[in-house]
Each structure stands twice: as C-alpha cells, then as structure tokens.
Amino acid sequence: MVDVSFGPEPSQRPAPPAGPYLAMQRRKRVYGLAMLVLFVALMASGFQVAEDRNAGGFLNGLTQLDDFPREVLSEAWAKRAAIPGWMGHYLPSLLETINIAAVSTLLGVLAASLLSLLATRGLSLWPRLTPLFRRMLDAFRAVPEIVVALVLIYILGPGPVPAMIAIALHTAGAMGKLFSEVAENADLKPVEGLTSTGASWGQKMWLGILPQVAPNWLSYTLLRFEINVRASAILGFVGSGGIGYELKVAMQWGGGKYDQVVAIFLLLFLTIMLIDQCSDRFRHRLVKGV
Amino acid sequence: MTASVPMATPLLASFHRRRLIALAVPAVILAYLVYIFFAFDIAGLAGRARLDNAKILLGDFVSYKTHVTRNNATGAVTVAVEGEAKGTFAPGHLPDWVKVQGDTTTVDLGAGHLVTYDAAGARYVVPGYGTIDIRPQGGKLALTAPQPLPDWINASDNRISVTTSHGRFAYTRSKVETFRYAPGWPLFFFTPDSAFFGKSWGELAALALWQPRIDAAQPNLFGMAHDFWTNKMWRHGDVFWAIGETILMAFLGTMGAAIVSLPLAFLAARNMNRLAPVRFALRRVFDFVRGVDALIWTIILSRAFGPGPMTGALAMLVTDTGSFGKTFSEALENIDEKQVDGIRSTGANTLQRARWGVIPQVVPVLLSQVLYFLESNTRSATVVGAIVGGGIGLLLTQAIQTQKDWEDVAYYVILIILMVMAMDSLSGWLRRKLIKGE
C-alpha cells in the first residue's frame, strides 16, 4: 500500500514552486511586514501625540477611571428610592429624543428612496443627471449632524426641530448610498414588463423595483433608526432638546443631582438595548424571510 | 375557467390584504407626522425663527466689515477688520478708501457715499438724499439732515445711527464709527502686522522667488509660511492641529477597538471556544458596551482622563469594541471549517490553525468593517471632540457660541467636509487595495 500522505515518488512529483511565484510570495511578505511596521509606528506615535495633547495622562486616568462612576453610583444608591420617580419625570424628554430619531429616519428615508433611485444607473428618470444626484448624496453624508444642528439652533432657536433636520439630512445621504447599491442589483425584468404596458416612471419604481428592494431597505432603515436614537441623544447633549439636554443639565449641577443622572442613564440604556434587540430580531426575519 | 376559481380565491385574498397594507402604511406615517407637527410645535416655529440671524450668518459667511473708529476724546482714528485688535491697520498703511489729513478723516464707502470726520463733528453724504451733519453741542448731538428723517436714520440725543446699502455709521458722544462691508474672508493669508500684508499674488510670487529678503535671517518663502501659519485672525496652525487631533481620535479609537476586540471575538465565537459560559458572558459584555451609548462612555471617560484627544479616542475605542466584538464573532462563526480541517491535518496547533485557517477567511470582512468604522468615526469624532473638548469639534462649537465669527464657522465646516471626504476616499482606496487586491 502506498502512503498517500507522502505523495508520488520524488521523480514524479510536480516541480517545487520557483521563480516568479516565489518572488511574488517574497514581495508579498515584504509588503505585509512594511505595512505592519508602518501601522505599529502610526499607532505608537499617534498614542504619544494624543497623550501629549490630553489634559490628563493615560496611566493617570486609568487609576481614576472608576472615581466618577463610584461617586455617582454611591450617591444614587443613597437616594435609590427617588430614581423610579425621576425616570417617570424624564420619560417625556426620552419620548422627544425617540421622536426626533423616528421622524428624522422617516423623512430621511423617504428622501433617500427617491434620491437613490434617481442616482442609480439604469433606473434613473434622468440618466444624465445620475452623477449629480450621487454627488448630492455624498454632500449630505459628508456634513456632520452637529454642524447643521448648531447652525440651525442659531436660526430656529432651541428645540427638537434643528436636531431633526440635521439627522434627516445625514440619514438621506447615508441611506441614499446604501439604497442605491441595493437597487443596482435589482432584477430589471419586472421594469421591462411594466415598460411594455406603458407604465410611468413612478409606477415602474413602485411596482417593479420597490417590492424587490423593500426587505433590504427596511432592514437598513431599522439599523439607521437605532443609530439615529443615539445621535439624537448626543445632539441633545451638545445642542438642545430631548434627554441629552436633560442629562447635560443634571451633569452640570455636579453632586446632588446624581440620582437624576442615573435615572437618565438607565432610561437611555434600557431604550437603546430594547431598540437594539427588537430591530435585530426583526431584521433577522426580514433578511432570512422567515 | 371554473377550475381556476378555487385557486384564485386565496390569491385574491392575499392581494386584498396587500392592498390594505399599502393603504394603511402611508396613513400611519401621515398620522405620525401630524402628531409630530403638534408635538414639535412646528406651527410656532415661524414665530420663533430668527430670520435676521440667518441673514447675519449668511452675510458673515462670505463678507466682512471694517471699522473706522474715531475716539472723540483723543481724536485718534483706528481702522480695524471686524474691530479686532489683531486686525488693526498700522497708521501709515491704511486702506486706500480711508484718508487722514490732520484732524480730517475721509471714508469713501463707494458709489458716492462719503463720510467725513473733522474737528466740528462728522458728515455723511448719501447720494440721492443729502448730507447728514452731526455736531456735538453742549453734551448733546445736534443733527442737521433733510427732513423728514427716513427710517434708516435713528436719532436720539446721545446716539445717531445711519444704515445704508453701503455701510453703517454711528455717532455717540464718546466715539464715531463707520462700518464698511466687503465680500471675502479678510486677512486670510496675512494679518496687517505681517510684512507680506496687502501684496498682490504677483508681488508675493516675486518676493518668494527672486526679490531680496525682507528679513535677512530667513528666505521670504519661509517668512510667508510662518506668517500664514501663525495668522492671529484665522489661526491656521491651531486649526490644522485640531483637524489632526480629530483624525487621530478616529484612527486610534477604531484601530484600538479592532485590536482589543479581535481576540475577544475568538473567545465569543461558537466554533472557536467550547466554553459556553465564557461565550455567553462575552456576548453580554459586548451588548452592554454597545448599549451604554457612546455619549455616556464619553462623559465617564472625560471625567477620568480630562479633556483632549486621548479621551475621545478611548471613548470611541470602548464603544466600537462592542460593535466589533459582535460582528467579528459573527464573521468567525460563518467561516468554512474545511480550510481549518485542512490545516489541522498537517498537525498545526491552535494558534497556527487560527493564523492560517481562520484569519485569511475573515480578513476581508474584518477589514471592510474596520475601514467603514474609520470613515464614520471621522465624522463622529467632530461631535465627540465637542463633548470632550478636543479637535475641530471644540473649535467649531466655540466659534458658534460666540455668535459672531461665522466666517470661522464656514471655514471649519469646509475643512470638516473636506476631511470627511478625504477619509472617505482613503478608506475606499484602501478597501480596493487590500480586499480586492487591485
């Protein structure tokens, strides 16, 4: 019996790899090593720069890491009886944060659906203008929410609307790109069928494309809603409106209001966990089609 | 035909149901929007909106004003961009539309609008209207102007102000001031204290290339670079550092998170780690870290580490560790076991199997995730910077809070957008290079 693991006789074995192949392997290895060295150097020097420009040092900070949570938690524990009451008290501002996220997701996604179809080659109503719509989506995506929100607060005054517009704009840009990638892969046969019946562009998109892309689009939308809830909480902290603003006010008070801080933390944490879990499950169902 | 009826019934029922859903979804959306209309008080927004602010903001984005101020007590005249000390023109180098001769100062606002300060008081000649003449008399201001006074002249005993299409003019007992508006970003390259101020492009090029040194110690080009970099009005050097800090936060945070979460993801993947309790605990840790929002991590960490880019980087590192841990471990669970078996048959140990059997399969997924996060973190680093007090986010919020340096805001916004777009293309390029191997 031949021991197969050793292969055929030496004379019958294929020639060992040589020449160009080995050279390529060597080159790849050198490139990989260079990349690794570059990466490590970047990380190390970046860390050093960040360390120099930070007010507190890294190691120093590590030892103080639990000071603030401990301070907050010990005070909140002493006043734990008040926390459920505070949670109820802040429920309306939580609702506002969620509403900002929901309505901006809704408006952003509606805009994104239209823009993405106009920006997709082969589907656009005006094929010549597809690059224009693509650049438009890029521009929407590139403007950070905080910029739009802060400028709008100056014009519209504090409230939920600046945050809503800011998040909606960004959502339109980010979703438009993803939606257009999905729509690019859609089957064009239904559209051709509809064209033969004399359907308008709107009818072709509504009846031919939308049913194909709906599960993926919806899944992206849910994921975006989750992201937008976080963004609207952060914008509240930096700008105005919603639970983020309440958190900032309570934090600025310092000691004495930590029970409220914990109540807001808890509300935010539970909401995000809940939305996370729900959207995870729902998206699973959408994509797997169960 | 008759045979098809029983088959069509469920189909028709499903059509009917779909039509109902197709109607119900827009109805629900509409109802929600109506609710939001009232909850956010959109109707009241028109009353609260400050459109004059919008006008100031847009005007300030693209234009600036120069103040020509005379102190009535001392008679000293200063000409300064935006009235700021760092934008003050040296007495011998005033702009050509301001003329000082002894006690008399003439300010030419263009199109025949002429303002004159002299010993007696001040005069403003408005074409098509006449001369507005102001003289202080016995502690009050005496105004002589064609009657009736139009609404763009605002006069009281102590203060007279005139606003025209070409500028603004205000006389109080202590000083008289004229604002001249002009498009552009003033002093963007050099402030008046620089030797290169007020030169044309041609003159600058000549100075840089062949003309004698203004400062004998260094070539003119270095001098220009230095004066530009330390420009007190626009602070290009600080802004550059701030942009660098923002990118640094995103880079350190994303890469740090990837490095931390890769080994954790191995421990949390079902096919890599047989200890179910460890897996379960790690997954809950990932969920917890993601659930405690970036906002909260940022607040907690900035208390411990103080303001700065390190804090921002750590906040992103912690948050992204949760997301990376989850997606990496899912990617690890989806690998093809055959390649690992192949490596195992050669007698490789666990580490070798991971390196040669698992990593090559997951690298494309991991890299594209990391690059995607790098891109989106560059954007969020602006917000994180605003909270922790570092980077361009801090400069931006400061400039917005002063509510007058809108040209700075416009500058920062343009830089932020350029930065985000640059990171966008960089990550796209890296993705093509590393994953598709082009």
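The values are calculated or read from the model by the stated rules, or taken from the named source; none is laboratory data. Since the structure is predicted, the reported quantities are computational estimates derived from the model, not experimental observations. As a convention, Cβ positions derive from the backbone with ideal geometry for all residues, glycine included, and neighbour counts pool all protein chains shown. Surface areas here come from the heavy atoms of the whole protein model, side chains and all, with no ligands, DNA or RNA. Shrake-Rupley method; radii C 1.70, N 1.55, O 1.52, S 1.80 Å.
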**Prompt:** (1) part of a loop (DSSP other than H, G, I, E, B); (2) under 30 Å from B:ASP227 (Cα atoms); (3) over 37 Å from the mean Cα position of the chain (by Cα): which one isn't true of B:LYS99, the others all being true?
**Reply:** (1)
**Request:** Answer with yes or no whether A:ALA263 is within 28 Å of A:SER74 (Cβ to Cβ), surrounded by 19 or more Cβ atoms within 10 Å (Cβ to Cβ) and within 12 Å of chain B (Cβ to nearest Cβ).
**Result:** no
**Prompt:** If you take the residues of segment B:306-352 that are modelled with pLDDT under 90 and acidic (Asp, Glu), which of them is least open to solvent (accessible area, probe 1.4 Å)?
**Reply:** B:GLU333
**Prompt:** Would you pick out the residues in segment B:38-61 that are open to solvent by less than 90 Å² (accessible area, probe 1.4 Å), aromatic (Phe, Trp, Tyr) and either at pLDDT below 75 or part of a helix (DSSP H, G or I) (or both)?
**Reply:** B:PHE61
**Request:** Considering every residue within segment A:222-229, establish whether at least one is assigned to a helix (DSSP H, G or I), within 23 Å of the chain's Cα centre (by Cα), at the interface with another protein chain (Cβ under 10 Å from one of its Cβ atoms) and without any contact (Cβ under 8 Å) to a residue 12 or more places away in the chain.
**Result:** yes
**Message:** Against the condition open to solvent by less than 70 Å² (accessible area, probe 1.4 Å), without any contact (Cβ under 8 Å) to a residue 12 or more places away in the chain and at the interface with chain A (Cβ under 10 Å from one of its Cβ atoms), how does B:ILE387 come out, does it pass?
**Reply:** no
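Would you point out which residue out of B:LEU314, B:LEU295 is within 11 Å of another protein chain (Cβ to nearest Cβ) and within 23 Å of A:MET43 (Cβ to Cβ)? Show your work before the answer.
On the way: B:LEU295 fails: within 23 Å of A:MET43 (Cβ to Cβ).
Result of the check over B:LEU314, B:LEU295: B:LEU314.
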**Residue count for segment B:276-300, restricted to those that are surrounded by 15 or more Cβ atoms within 10 Å (Cβ to Cβ) and farther than 21 Å from B:GLY253 by Cα** = 1
**Message:** When the residues of segment A:224-256 are narrowed to those that are over 22 Å from A:ASP280 (Cβ atoms) and of a type in the set (Val, Ile, Thr), which ends up most open to solvent (accessible area, probe 1.4 Å)?
**Reply:** A:VAL249
**Complete:** For B:ASN231, the lone unmet condition from (1) modelled with pLDDT under 90; (2) assigned by TED's automatic domain parsing to the domain that holds B:VAL409 is (2)
**Request:** Could you list, in sequence order, all residues of segment B:390-431 that are at the interface with chain A (Cβ under 9 Å from one of its Cβ atoms), open to solvent by 20 Å² or more (accessible area, probe 1.4 Å) and outside any helix (DSSP H, G or I)?
**Result:** B:GLN403
**Prompt:** Can you tell which of A:GLY236, A:GLY241 is at positive phi and within 24 Å of the chain's Cα centre (by Cα)?
**Reply:** A:GLY241
**Message:** Can you say whether A:ILE264 is in a helix (DSSP H, G or I), aliphatic (A, V, I, L, M) and in contact with a Ser or Thr (Cβ under 6 Å, 6 or more places away or on another chain), as far as the supplied structure shows?
**Reply:** no
**Request:** Answer yes or no as to whether B:TRP229 is aromatic (Phe, Trp, Tyr) and either loosely packed, with under 14 Cβ neighbours inside 10 Å or farther than 22 Å from B:ALA315 by Cβ (or both).
**Result:** yes
**Asked** What about A:LYS257, is it basic (Lys, Arg), within 22 Å of B:ARG18 (Cβ to Cβ) and in the same structural domain as A:VAL151 (by TED's automatic domain parsing)?
**Response** no
**Message:** Quick check on my filter: what residues within segment B:19-59 are in contact with a helix residue (DSSP H, G or I) (Cβ under 9 Å, 6 or more places away or on another chain) and away from chain A (no Cβ under 11 Å)?
**Reply:** B:ALA43, B:GLY59
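Identify, please: which residue in segment B:62-96 is among the aliphatic types (A, V, I, L, M) and outside any loop (DSSP other than H, G, I, E, B) and is, among those, farthest from B:ARG173 (Cα to Cα)?
Among residues in segment B:62-96 that are among the aliphatic types (A, V, I, L, M) and outside any loop (DSSP other than H, G, I, E, B), the one farthest from B:ARG173 (Cα to Cα) is B:VAL62.
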**Item:** Any hit, segment A:148-169, residues being open to solvent by 70 Å² or more (accessible area, probe 1.4 Å) and farther than 30 Å from B:GLN398 by Cβ
**Value:** no
**Request:** Six or more apart or on different chains, Cβ under 7 Å: which pairs go from a residue in segment B:193-219 that's under 25 Å from B:ALA85 (Cα atoms) to one that's part of a loop (DSSP other than H, G, I, E, B) and not hydrophobic (A, V, I, L, M, F, W, C)? Could you list them?
**Result:** B:PHE197/B:THR191
